[in-house]
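One structure is given below, encoded as structure tokens.
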Amino acid sequence: MRRSEDQKSASSAAGRRFAVLATRWYDEVVDGLIAGAFDAFREHGALESDVELFHVPGAFEMPLAAQKAAETGRFDGVVCLGAVVRGETPHFDYIAGEAARGLADVARKTGIPVGFGILTCDTLDQARERSGPGHGNKGAEAARAVVDMIALIEQLASPERAS
């Protein structure tokens, strides 16, 4: 069995278009996630003009927004950013679960990579830790995952790789 090592080097955002969808809750956290995603796209060769930012009311609305973005044909990938912080009611479980399931469905139905950068944390401090600058920023991780998935999908589809 041969392991593919060239995917990592092939992952590039250059010449690609991306939608970044961000919720309107927890501005400080979401702004950090957005900054992380934009940094990751730049690191992978994307131009600022190749990344469009859209604001979504909340995490529950994110799957529909992601589906609409993917269906436009304008974007090679979609990155979804936000935070759901556990409270005293089951609201957290419903919102976090539906957002995750819905975004996975969008990726499978459209074939467009969707990055899951919606934090699901017990506390606001945990969300802040995962949205700060540098290593561990989940917005950056979601953007990198989308870039890597684009490369992987192309690699899997390549007739040269079939044997």
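At a glance:
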{"item": "Checking Glu88 against (1) assigned to a loop (DSSP other than H, G, I, E, B); (2) in contact with a helix residue (DSSP H, G or I) (Cβ under 9 Å, 6 or more places away or on another chain), the condition it does not meet", "result": "(2)"}
{"item": "Subset of segment 68-107 that is at pLDDT below 95 and β-branched (Val, Ile, Thr) - its residue that is farthest from Arg128 (Cα to Cα)", "result": "Thr89"}
{"item": "Failed condition for Ala59, given (1) touching a strand residue (DSSP E or B) at 6+ places or on another chain (Cβ under 8 Å); (2) assigned to a loop (DSSP other than H, G, I, E, B); (3) farther than 21 Å from Asn137 by Cα", "result": "(3)"}
{"item": "Where a residue in segment 38-57 is buried (at least 20 other Cβ atoms within 10 Å of the Cβ) and its partner, wherever it lies, is at pLDDT 95 or above and of a type outside the set (A, V, I, L, M, F, W, C), with Cβ under 6 Å and at least six apart", "result": "Ala40/Arg144; Val56/Thr23"}
{"item": "Some residue of segment 148-162 being of a type in the set (Gly, Ala, Ser), assigned to a helix (DSSP H, G or I) and modelled with pLDDT under 90", "result": "yes"}
{"item": "Test: residue in segment 44-51 that is among the polar types (S, T, N, Q) and more than 18 Å from Glu141 (Cα to Cα)", "result": "yes"}
{"item": "Residue check, Phe54 among the aromatic types (Phe, Trp, Tyr), outside any helix (DSSP H, G or I) and touching a Lys or Arg at 6+ places or on another chain (Cβ under 6 Å)", "result": "no"}
{"item": "Hey, Asp93 under 17 Å from the mean Cα position of the chain (by Cα), of a type in the set (D, E, K, R) and either surrounded by 12 or more Cβ atoms within 10 Å (Cβ to Cβ) or assigned to a loop (DSSP other than H, G, I, E, B) (or both) or not", "result": "no"}
{"item": "Selection status of Glu141, surrounded by 12 or more Cβ atoms within 10 Å (Cβ to Cβ), part of a helix (DSSP H, G or I), over 17 Å from the mean Cα position of the chain (by Cα) and modelled with pLDDT of 90 or more", "result": "no"}
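The values are calculated or read from the model by the stated rules, or taken from the named source; none is laboratory data. Small disclaimer: the values here were computed from a predicted structure and weren't measured. Heads up, the Cβs are rebuilt from the backbone with ideal geometry, glycines too, and the neighbour counts pull from every protein chain shown.
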